[in-house]
Amino acid sequence: MIVPSIGNVFAVLLYVASLRQNEWTIALILCGSAVQGIFGKSSVITMAVNSHLSDITEQEHRTGELSRLLAMNYFGLFVGSLLSGTIQEYIDIKTTLTVVCFLHAFSVLITVCCIQKSEQKEPDSGKSGTPTGFKDSFAATKQITTKIFIILVIMTTLNQTCEVGDQDVTVLFVRKYPLSWPTPWYGYLLSVEYTMVGVTLMVLTPLLTSYFNLADSTIIILGTYCKLIRALWAGFCYETWMVFTSVVIGAIGGMLVSAVRSLMSKHVDDSDVDRAFSVLSCAESASKALGSFIFIVRICYF
């Protein structure tokens, strides 16, 4: 959890230096981005906190806790966007970068002082039952787990790829006729989207899992349907209120991510949770590049 924040602090120092060196501005910015990527950026933090939370929570409460964790991420995006825009509008970008640097340093301090190392649960020795029967049962369970794991990774890759494409398409869609939005309005749309997704993850998902006892697979199906409804609705939007309504509908689809992570943590051995979330993080990172590539090819050649 500490390493990405340290990398972000170094990256911010390079960004600040780029504001003072006109001849090396682009090079310093690229170096800063490279440092962020080398230290893991947000992907490693997401992997680490999800893995830690899976270690310290029981399976029946895990979906709700992962949803709350993801909700805080969206609330942070909302507050960060608002704070960044306010500081840049009324002060300057140097102050914005300085605040970012201090926040990452504060994150390192919280991690060191408040988070304790989770204890790994001992795997079941499996001494009960006949050796042959246990061996066959273990092999069948492992095969099913592998299939579920692969399906969840593919699902995450497709979902994140569509998310990236959706953002790029929305930017162009709202700027053209018949909407013709001014530039700041897209920021307002993102703020509404982050807030609605955060509220959904904070309230609705724990409610569905704790009081209605919905399975993770059911929540995944529900989230997928909401994403499809939003996409269909967005295709027929010709007024501003319709675009904001599509964001509210699609907010329920945010439950899909936390449900996938919870389902994955329940279908792998406790000793393999870290590696499972690492693979999931790699899939999410790769899907961002894949989504951007598909969108660029679609715009340029079709």
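I need the full set of residues from region 27-39 which are more than 20 Å from residue 92 (Cβ to Cβ) and hydrophobic (A, V, I, L, M, F, W, C), in order please.
Across region 27-39, the qualifying residues are 27, 30, 31, 34, 35, 38, 39.
Residue under question is residue 181, and the condition is that it be under 21 Å from residue 81 (Cα atoms), surrounded by fewer than 19 Cβ atoms within 10 Å (Cβ to Cβ) and in contact with a Lys or Arg (Cβ under 8 Å, 6 or more places away or on another chain); does it hold?
So residue 181 passes the test.
If you check 13, 70, 103, 109, which single one turns out to be in a helix (DSSP H, G or I), closer than 28 Å to residue 220 by Cα, of a type in the set (A, V, I, L, M, F, W, C) and not assigned by TED's automatic domain parsing to the domain that holds residue 262?
Answer to the selection: 70.
Starting from residues that are over 22 Å from residue 74 (Cα atoms) and of a type in the set (D, E, K, R), keep the ones in region 225-270 and report whichever is surrounded by the fewest Cβ atoms within 10 Å (Cβ to Cβ).
239
Output the residues belonging to region 157-174 that are surrounded by 12 or more Cβ atoms within 10 Å (Cβ to Cβ) and over 16 Å from residue 244 (Cβ atoms).
If the condition is that a residue be surrounded by 12 or more Cβ atoms within 10 Å (Cβ to Cβ) and over 16 Å from residue 244 (Cβ atoms), then 157, 158, 159, 160, 161, 162, 163, 164, 165, 168, 169 are the ones that fit.
Looking at region 80-120 only, could you name the residues that are over 24 Å from residue 54 (Cβ atoms) and in contact (Cβ under 8 Å) with a residue 40 or more places away in the chain?
Matches in region 80-120: 81, 82, 85, 93, 94, 97, 98, 100, 101, 104, 105.
Within region 192-249, work out how many residues are aromatic (Phe, Trp, Tyr) and under 23 Å from residue 63 (Cα atoms).
4
Considering only region 41-58, I want to know if a residue exists there that is touching a Gly at 6+ places or on another chain (Cβ under 7 Å), at pLDDT 85 or above, part of a helix (DSSP H, G or I) and not charged (D, E, K, R).
no
Listed here are the residues, each with its yes/no results for (1) exposed (fewer than 14 other Cβ atoms within 10 Å of the Cβ); (2) of a type in the set (Phe, Trp, Tyr); (3) closer than 27 Å to residue 286 by Cβ.
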residue: 38; (1), (2), (3): yes, no, yes
residue: 42; (1), (2), (3): no, no, yes
residue: 48; (1), (2), (3): no, no, yes
residue: 51; (1), (2), (3): no, no, yes
residue: 56; (1), (2), (3): yes, no, no
residue: 66; (1), (2), (3): no, no, yes
residue: 83; (1), (2), (3): no, no, no
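What pairs come out if I take residues in region 166-180 that are closer than 14 Å to residue 236 by Cα and pair them with residues that are aliphatic (A, V, I, L, M) and surrounded by fewer than 15 Cβ atoms within 10 Å (Cβ to Cβ) whose C-beta lies under 9 Å away, six or more apart or interchain?
Pairs found: none.
The values are calculated or read from the model by the stated rules, or taken from the named source; none is laboratory data. Because the structure is predicted, anything quoted here is derived from the model rather than measured. Please note: Cβ atoms are built from the backbone with ideal geometry, for glycine as well, and neighbour counts cover all protein chains shown.
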